[in-house]
1. Is it the case, given these coordinates, that residue 94 is touching a helix residue (DSSP H, G or I) at 6+ places or on another chain (Cβ under 6 Å) and not assigned by TED's automatic domain parsing to the domain that holds residue 182?
2. I'd like the full set of residues that are surrounded by 15 or more Cβ atoms within 10 Å (Cβ to Cβ) and either free of Cβ contacts under 8 Å to residues at least 12 places away in the same chain or part of a helix (DSSP H, G or I) (or both), limited to region 89-107.
3. Modelled with pLDDT of 90 or more and surrounded by fewer than 16 Cβ atoms within 10 Å (Cβ to Cβ), is that true of residue 234?
4. Which condition from (1) surrounded by fewer than 21 Cβ atoms within 10 Å (Cβ to Cβ); (2) more than 23 Å from residue 112 (Cα to Cα) is the one that residue 194 breaks?
5. Residue 139 passes all but one of (1) at pLDDT below 95; (2) under 27 Å from residue 268 (Cα atoms); (3) loosely packed, with under 15 Cβ neighbours inside 10 Å; which number fails?
6. Listed residues 156, 129; which is surrounded by fewer than 19 Cβ atoms within 10 Å (Cβ to Cβ) and touching a residue at least 24 places away in the same chain (Cβ under 8 Å)?
């Protein structure tokens, strides 16, 4: 249960009727939504957590929160059209109502990250939950060291948050690296999978915390690249947000051995993941 601005407790197992206030199309598959809870209450989430989105008569789906908790009065989702619920959501407009449960799960250990250099490694739609952490660090810049962002997509057309990417590139307080697997006639940046960005990074190995999210196939190779750089495993956090289903540990869809990802994750300390068979 969480508190609203009026100090009332809100039950996490029942959807809260909320309003879509803004929508922006990023690609043919992804749209960005700004959501307002009743009375402008804050979601009170941690970077890395997710919510359950309900469309009555359609169903419910887990979606990562992409905005920082430092944003007040509304929160943001980036939704990829992958099934019936997300297809219907992509047809919705500003002013339409949806149900929200959450936030759920464990986010990033912000206290462990304070005073450290933060290395963000996001592949594809993995940048969505990482953006919550990125903007938290930007909004609390005095609490952290260097901010290094490595982001990759399959093609230039699949890059998300195009305007923010431009701001990150121009920001002297951010070391930003961008790549695509395959460029086009207008692309002049780096071409290659995201691991091609890692060898050239200059890291303070004892003082750098890495946050990694992306498609499953990416994890193995990113971990190998970070290990080859000498970054300790205990300095790595990873998200298994793709495994979410009910959000409350009842359906078993996200269970890995003894762990329910929707409750113990989706963000895990990598040394913990190493003890979980078939986690990544």
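1. Values: touching a helix residue (DSSP H, G or I) at 6+ places or on another chain (Cβ under 6 Å): no; not assigned by TED's automatic domain parsing to the domain that holds residue 182: yes.
It is false that residue 94 is touching a helix residue (DSSP H, G or I) at 6+ places or on another chain (Cβ under 6 Å) and not assigned by TED's automatic domain parsing to the domain that holds residue 182.
2. Within region 89-107, 89, 90 meet the criteria.
3. Details: modelled with pLDDT of 90 or more: yes; surrounded by fewer than 16 Cβ atoms within 10 Å (Cβ to Cβ): yes.
Spelling it out, residue 234 is indeed modelled with pLDDT of 90 or more and surrounded by fewer than 16 Cβ atoms within 10 Å (Cβ to Cβ).
4. (1)
5. For residue 139, the exception is condition (1).
6. Values: 129 fails: surrounded by fewer than 19 Cβ atoms within 10 Å (Cβ to Cβ).
Result: 156 is the single residue among 156, 129 that is surrounded by fewer than 19 Cβ atoms within 10 Å (Cβ to Cβ) and touching a residue at least 24 places away in the same chain (Cβ under 8 Å).
The values are calculated or read from the model by the stated rules, or taken from the named source; none is laboratory data. Here the structure is a predicted model, which means the values were calculated and not measured. We place every Cβ from the backbone using ideal geometry, glycine too, and count neighbours over all the protein chains shown.
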